Amino acid sequence: MRTLVLLLTSALGVVGITLIAAVTGTDATGGESNEADEAVAALPTPPRVAPPYLFAETGPPELDPGRDRQPDPLDELDTTVDVEDWERLADCESGNWDRNGDPKPDSARWDYGLEFDHGDHFQGGLNFHPTTWDAYRDPDMPAHAGRATQVEEIVIAERVLDDQGWDAWPVCSEKMDLAV
């Protein structure tokens, strides 16, 4: 006779499943076989987890939300223009637009130009022309702006802004009220 036992254990929202296949039968002399007992005994003991009722009054222990959090490189950028303004400009330059002709927030494609040539040759979320990107990028930065990080693009955009002003992004800087 074959027996299949399925155990479900749950503690603190974690579900573990243990499948035990036990074979029982008789040996050549007609006595009970010990195979099932041996199979169960050979299984590893599941880890012990505190049952949820232990935290009924106090709740689970507090975790430090910042403990494993990596610093955001955008927070550490020293820019003359707010990072949020660069993101808005990128939404206009490489993102999606709504029916009213306005850029959709958080739609910038920082890898713009990598998938296929859009016919305009511009690259990255801030739509750098390849010659502009090459002229201002550091030697250790990617040769294609679409392969650069958002931080790298903003660093280069600050350099371009210092030299060319908002005219480097004539349409979107005006549309986003950035042109002075």
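The values are calculated or read from the model by the stated rules, or taken from the named source; none is laboratory data. Every value quoted in this text rests on a predicted model; they were computed, and no experiment measured them. A quick note on method: Cβ atoms are made from the backbone with ideal geometry, for glycine too, and the neighbour counts reach across all protein chains shown.
Restricting the first member to region 152-173 and to residues that are farther than 15 Å from Ala135 by Cβ, and the second to residues that are charged (D, E, K, R), the beta-carbon pairs closer than 7 Å and six or more apart or on different chains are Trp169/Glu93; Cys172/Glu93.
Would you confirm whether any residue within region 128-140 is of a type in the set (S, T, N, Q), under 14 Å from Trp110 (Cα atoms) and without any contact (Cβ under 8 Å) to a residue 40 or more places away in the chain? Give the steps one after another, and end with the answer.
Quick first cut of region 128-140, residues of a type in the set (S, T, N, Q) only: 131-132.
Those left that are additionally under 14 Å from Trp110 (Cα atoms): none.
Among the residues of region 128-140, not one is of a type in the set (S, T, N, Q), under 14 Å from Trp110 (Cα atoms) and without any contact (Cβ under 8 Å) to a residue 40 or more places away in the chain, which makes the answer no.
Can you find, within region 57-106, the residue that is modelled with the lowest pLDDT among those that are assigned to a loop (DSSP other than H, G, I, E, B), surrounded by 12 or more Cβ atoms within 10 Å (Cβ to Cβ) and among the polar types (S, T, N, Q)? Restricting to residues being assigned to a loop (DSSP other than H, G, I, E, B), surrounded by 12 or more Cβ atoms within 10 Å (Cβ to Cβ) and among the polar types (S, T, N, Q), the top hit is Thr79.
Filtering region 120-154 to residues that are touching a Leu at 6+ places or on another chain (Cβ under 9 Å), crowded, with 19+ Cβ neighbours inside 10 Å and either outside the structural domain of Asp91 (by TED's automatic domain parsing) or part of a helix (DSSP H, G or I) (or both) leaves Ala145, Gly146, Gln150, Glu153, Ile154.
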